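Input: a single structure, listed below in structure tokens.
The values are calculated or read from the model by the stated rules, or taken from the named source; none is laboratory data. This is a predicted model, so every value here is computed, not measured. Virtual Cβ from ideal backbone geometry, glycine too; neighbours counted across all protein chains shown. Note: accessible area is taken over every heavy atom of the protein model, side chains too, but ligands, DNA and RNA are not part of it. Shrake-Rupley method; radii C 1.70, N 1.55, O 1.52, S 1.80 Å.
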Amino acid sequence: MKALFTLLVLITVVMVSSCQESDLSPGQRLEFQLVVFNELGERTNSLNAGEDFSIGLDLINHTKDTLYFSWSDYRRLFTQFYGREDFLLVYEMESETMNPIGKPYDPENSLNFVDSNLSPTKIPPQGKREMIFGFFWSFRQENQPMDKGRYFSSFTDLAAIEGFEVSIDTSIEFEMN
């Protein structure tokens, strides 16, 4: 009995110690997060009223290795996200209501991807991030500069990366002072 217990403990120790980062699913290694940048390209949640800003989606690498996000990854995911009602949609938060005020791009415009051999985007390891999609608010001509107030955006979807589904469930609040 003692030998069986020792064997079970040994097997458990070997199994735990043999778990590698590569055994993690992409959902545990990668994270998508909404972000806001000011005109200077600095991440922020506080802007000056009327200031242009960009809103987008960061990809965060929680692995120990540099990851590469290819041109075809961009095209595939952006095509998937582009038509979604909630993708980069900004709401103004007023007391207990949220009023949609617009997107930084026009979803009515057709996508036109030029096949390209652009080099992949490097996403450094250890929790580093890289904006993979983003637009300045002023990019869409119909958008007016924002007044003082509180604003919100959220996005949920599934992204297929390396043959696995990565859940996206992110939101951001920001304010214009």
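Mind listing whichever residues of region 147-162 are of a type outside the set (Ser, Thr, Tyr) and over 20 Å from Phe37 (Cα atoms)?
Asp157, Leu158, Ala159, Ala160, Ile161, Glu162
Each row is one residue, and each column tells you yes or no for (1) at pLDDT below 95; (2) surrounded by 14 or more Cβ atoms within 10 Å (Cβ to Cβ); (3) more than 16 Å from the chain's Cα centre (by Cα).
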residue	(1), (2), (3)
Phe133	yes, yes, no
Met146	no, yes, yes
Ser153	no, yes, no
Glu162	yes, no, yes
Val166	yes, yes, no
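Criterion first (in a strand (DSSP E or B), touching a residue at least 24 places away in the same chain (Cβ under 8 Å) and either open to solvent by less than 70 Å² (accessible area, probe 1.4 Å) or farther than 16 Å from Ile60 by Cα (or both)) does Thr79 satisfy it?
no
I'm checking my understanding of the structure. Among residues of region 35-63 that are assigned to a strand (DSSP E or B), more than 18 Å from Phe139 (Cα to Cα) and not acidic (Asp, Glu), which one is modelled with the highest pLDDT?
If we take residues in region 35-63 being assigned to a strand (DSSP E or B), more than 18 Å from Phe139 (Cα to Cα) and not acidic (Asp, Glu), then Ser46 is modelled with the highest pLDDT.
Based on what the data block shows, is Arg84 in contact (Cβ under 8 Å) with a residue 60 or more places away in the chain, open to solvent by 20 Å² or more (accessible area, probe 1.4 Å), part of a strand (DSSP E or B) and charged (D, E, K, R)?
The answer is no for Arg84.
With (1) touching a Pro at 6+ places or on another chain (Cβ under 6 Å); (2) not in a strand (DSSP E or B) as the list, and Val166 as the residue in question, which single condition is left unmet?
For Val166, the exception is condition (2).
If you check every pair at least six apart or on different chains, which have Cβ atoms under 9 Å apart with a residue in region 132-152 that is free of Cβ contacts under 8 Å to residues at least 24 places away in the same chain and under 11 Å from Asp106 (Cα atoms) first and a residue that is open to solvent by 20 Å² or more (accessible area, probe 1.4 Å) and of a type in the set (Asp, Glu) second?
What qualifies is Gln141/Asp106.
Being closer than 18 Å to Leu59 by Cα and in a loop (DSSP other than H, G, I, E, B), is that true of even one residue in region 144-159?
No, every residue in region 144-159 fails to be closer than 18 Å to Leu59 by Cα and in a loop (DSSP other than H, G, I, E, B).
Sort out which residues of region 95-106 are open to solvent by 80 Å² or more (accessible area, probe 1.4 Å) and part of a strand (DSSP E or B), and write them in order of number.
Once the filter is applied, which keeps residues that are open to solvent by 80 Å² or more (accessible area, probe 1.4 Å) and part of a strand (DSSP E or B), region 95-106 yields Met98, Pro100.
Could you count how many residues in region 26-50 are surrounded by 17 or more Cβ atoms within 10 Å (Cβ to Cβ) and charged (D, E, K, R)?
Residues that pass the stated criteria total 2.
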